[in-house]
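Participant: Take this structure first; my questions come after.
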Amino acid sequence: MQKHARTIGNAIADDDDGIPASDDKSLDTLSHHTTDDSRVEIHANVTQAVGEKFIAMIDERATPRPEPDGADDRRSVDQRRVDALEFLLDQAAQGASLDSIGAPRTQTLLTIPADGGDPAFLPWTGSVTQATAQKLSCDGTITEIIIDGETVPLEMGRERRLFPAHIRKAIIIRDRCCISCGAPHSHTQVHHIVHWSDDGETELDNGCLLCQRCHTQVHHNGWDIMIGFDRHPWLIPPADIDPQRRPLPAYNRRTMRLDDAA
């Protein structure tokens, strides 16, 4: 019943341009404190998309490995996950100076019924809204598999979902930063202006730089993006901000941000 209720809630959110709790980043929290014995306790409550990435990255690196003597892994599941977290932190520290955030190392499977019946389901945490599915398609965390009524795969997506390095570099040269808030390009993902799920191509004129926060704004808050005659991206506000929906130039050519307009 809970899964069915969540599916209905996501369908209503899609129809009414709402944001279900699973996608609402304003509810996100992350805290830590040092215990009396100098250990660190960490607590987080995050969106479904962030949680999916975390689970996929941890589980991928927390698989058992044989001991040096050939015996089974003596670590508990929790110990393996902590080791995986430390490994991810080391990887993040090494890659912090690289502009590779738009090419995630892990993939999450999204199965879609061929008859278009129920909303898509992710393997662990349940249904997602269409806006979330489109956003995940942009940053490449999703591998889309279409299944028939007997859960037999029918189609496994187009060949190029992620923007390859040379196109990403070209987009960085053009956009220079997040086109909404001006965050540095190393903090951005490449957004498909015409969504991948709507047959959008992975090409220069269909991509733009958005940081994670602004990417969510575009997918969930009614903003649109177009490529102008100058071949630069322009932001189109939702009607509740500008009833005429007049395009705004990208951040590197203006001073107005999404939040300023809101």
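Each value in this text was obtained by applying a stated rule to the coordinates, not by laboratory testing. None of the values given here were measured: they were computed from a predicted structure. Glycine gets a Cβ as well: all are built from the backbone with ideal geometry, and neighbour counts include every protein chain shown.
Participant: Taking segment 199-212 as the search range and keeping residues that are surrounded by fewer than 16 Cβ atoms within 10 Å (Cβ to Cβ) and touching a residue at least 24 places away in the same chain (Cβ under 8 Å), which one is farthest from the chain's Cα centre (by Cα)?
Facilitator: Asp205
Participant: Another question, then. Across segment 171-192, what is the number of residues that are in contact (Cβ under 8 Å) with a residue 60 or more places away in the chain and aliphatic (A, V, I, L, M)?
Facilitator: Summing the residues that are in contact (Cβ under 8 Å) with a residue 60 or more places away in the chain and aliphatic (A, V, I, L, M) in segment 171-192 gives 3.
Participant: Which of (1) under 23 Å from Arg6 (Cβ atoms); (2) without any contact (Cβ under 8 Å) to a residue 24 or more places away in the chain is the odd one out, the single condition Ala62 does not satisfy?
Facilitator: Tallying (1) under 23 Å from Arg6 (Cβ atoms); (2) without any contact (Cβ under 8 Å) to a residue 24 or more places away in the chain, Ala62 fails exactly one: (1).
Participant: Evaluate segment 224-234: report whether one residue or more is in contact with an Asp or Glu (Cβ under 6 Å, 6 or more places away or on another chain) and without any contact (Cβ under 8 Å) to a residue 24 or more places away in the chain.
Facilitator: no
Participant: Give the residues of segment 33-51 that are within 24 Å of the chain's Cα centre (by Cα) and loosely packed, with under 10 Cβ neighbours inside 10 Å, sorted by residue number.
Facilitator: Of everything in segment 33-51, those that are within 24 Å of the chain's Cα centre (by Cα) and loosely packed, with under 10 Cβ neighbours inside 10 Å turn out to be Ile42, His43.
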